[in-house]
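Participant: Here it is, the structure in full.
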Amino acid sequence: MIKIGIYGDTGMVGQEIQKVLKHHDRANIAFRQNSRRREGNLADCDVVFLATKDPESMKFAPEALAAGAKVIDMSGAFRLPREAFERGYGLAHTASELLKEAVYGMPALFAKEIAMARLVGNPGCYPTSVILSLYPLKSLVQGEATIVATSGNSGARAEVEDVSNEIAYSYGKRHKHVPEMVLYSGFEVNFTPVVLRSVFAGINANIRIELADELKVLTSEDAAAQLRETVANAYGADDLVQVVEDSDAHWWGTRDVVDTHKLIIKLGVDGGFAYINALEDNLQKGAATQAVENMNLMQGLPRLYGITTV
């Protein structure tokens, strides 16, 4: 039995981790801490999830590691090198000695490294959709990616509002997730996030990027088919990445991913540019599911063990 600790267990992400773990017969929660109370014994834990904000994660990660636990951090505190973190997040890193050993927790790209890690920085929800879409296409597209992405209000750890209210913010290079997208996708990006305050969950990321010269000589249909084949072949069953095409029978949207653990990718071509649509649940594939995958890898279990509704 894997003994689990959760800092921030009553928050949105902490609750989602517990929702996934509910079906995991090898995991038992032995320690909880939030702003109001502390229960259980940290020293008993094998793995600790930090469902906390960046300053708290920098405080609690050394504490949990010193107690002998492995740590999976849900904030941005351990995803980037120090300079990139401090520039993007506007915070001084107070546990920078741990950054050299921290592993980026995207199992589709770094499963072997995660299995050996003591400290994992779980990816952000927006970066998950963007990185997994762009990473396989390094030889087929070029230049800067322009991204416009919507998210349900749970991405801001907030409840939905009754009245429709869509807000664009932190556009261009301003959003704190931009350095993460750039570092792990291999492309420069400009990014406009839009929060849908009357919607609870779901990421809908739309990416436009120029085709490589060798694809520009193909028809749009042939170029799009090559993009689809490349992305589909880049991932295995455990990655839960599904490449799809719209049809008169079904137009793919966020309803196909909310409350699931998968990422759906659509790819098209027009006028020498690739258009990529990536869809995921920001609380599951974009947060809790990857965290539990990381836990499984760190504990020597099959990556999708206990992750139901796959």
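Participant: For segment 100-124, which residues satisfy the criterion of being at pLDDT 95 or above and touching a Gly at 6+ places or on another chain (Cβ under 9 Å)?
Facilitator: ALA102, VAL103, TYR104, GLY105, ALA108, ILE114, ALA115, ALA117, VAL120, GLY121, ASN122, PRO123
Participant: So which residues in segment 247-293 are out of contact with any Ser or Thr (no Cβ under 7 Å at 6 or more places or on another chain) and in a strand (DSSP E or B)?
Facilitator: Within segment 247-293, ILE264, LYS266, LEU267, GLY268, PHE273, ALA274, TYR275, ASN277 meet the criteria.
Participant: So GLY14 ticks every box in (1) assigned to a loop (DSSP other than H, G, I, E, B); (2) under 22 Å from ASP281 (Cβ atoms); (3) of a type in the set (Gly, Ala, Ser) but one. Which box is left unticked?
Facilitator: Status for GLY14: all satisfied but (1).
Participant: Restricting to segment 120-143, name every residue that is assigned to a helix (DSSP H, G or I) and either β-branched (Val, Ile, Thr) or more than 21 Å from LEU215 (Cα to Cα) (or both).
Facilitator: Of everything in segment 120-143, those that are assigned to a helix (DSSP H, G or I) and either β-branched (Val, Ile, Thr) or more than 21 Å from LEU215 (Cα to Cα) (or both) turn out to be CYS125, TYR126, PRO127, THR128, SER129, VAL130, ILE131.
Participant: Does LEU218 meet the test of being at pLDDT 95 or above, assigned by TED's automatic domain parsing to the domain that holds GLY253 and in a loop (DSSP other than H, G, I, E, B)?
Facilitator: Yes.
Participant: Could you tell me which of the residues VAL189, VAL178, VAL148 is under 26 Å from ASP239 (Cα atoms) and touching a Gly at 6+ places or on another chain (Cβ under 8 Å)?
Facilitator: The unique qualifying residue is VAL178.
Participant: Answer yes or no as to whether ILE17 is more than 23 Å from LYS176 (Cβ to Cβ) and of a type in the set (A, V, I, L, M, F, W, C).
Facilitator: Here the answer is no, as ILE17 does not meet what is asked.
Participant: Of the residues that sit in segment 57-95 and are under 18 Å from the mean Cα position of the chain (by Cα) and among the charged types (D, E, K, R), which one is farthest from THR289 (Cα to Cα)?
Facilitator: Restricting to residues being under 18 Å from the mean Cα position of the chain (by Cα) and among the charged types (D, E, K, R), the top hit is ARG79.
Participant: Tell me, which strands (runs of 3 or more DSSP E) lie completely within segment 38-117 with 2 or more residues that are in the same structural domain as GLU16 (by TED's automatic domain parsing), buried (at least 23 other Cβ atoms within 10 Å of the Cβ) and not β-branched (Val, Ile, Thr)?
Facilitator: Passing ranges, in order: 47-50.
Table: residues versus (1) at pLDDT 95 or above; (2) in a strand (DSSP E or B).
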position	(1), (2)
ILE167	no, yes
SER170	no, no
VAL182	yes, no
PHE187	yes, no
THR192	yes, yes
SER198	no, no
GLU214	yes, no
ASP222	yes, no
ASN233	yes, no
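Participant: Inside segment 1-38, can you point out the residues that are touching a Leu at 6+ places or on another chain (Cβ under 9 Å), more than 20 Å from PHE200 (Cβ to Cβ) and basic (Lys, Arg)?
Facilitator: ARG26
The values are calculated or read from the model by the stated rules, or taken from the named source; none is laboratory data. Keep in mind it's a predicted model, so treat the numbers as computed, not measured. Cβ atoms come from the backbone with ideal geometry, glycine included; neighbour counts cover every protein chain shown.
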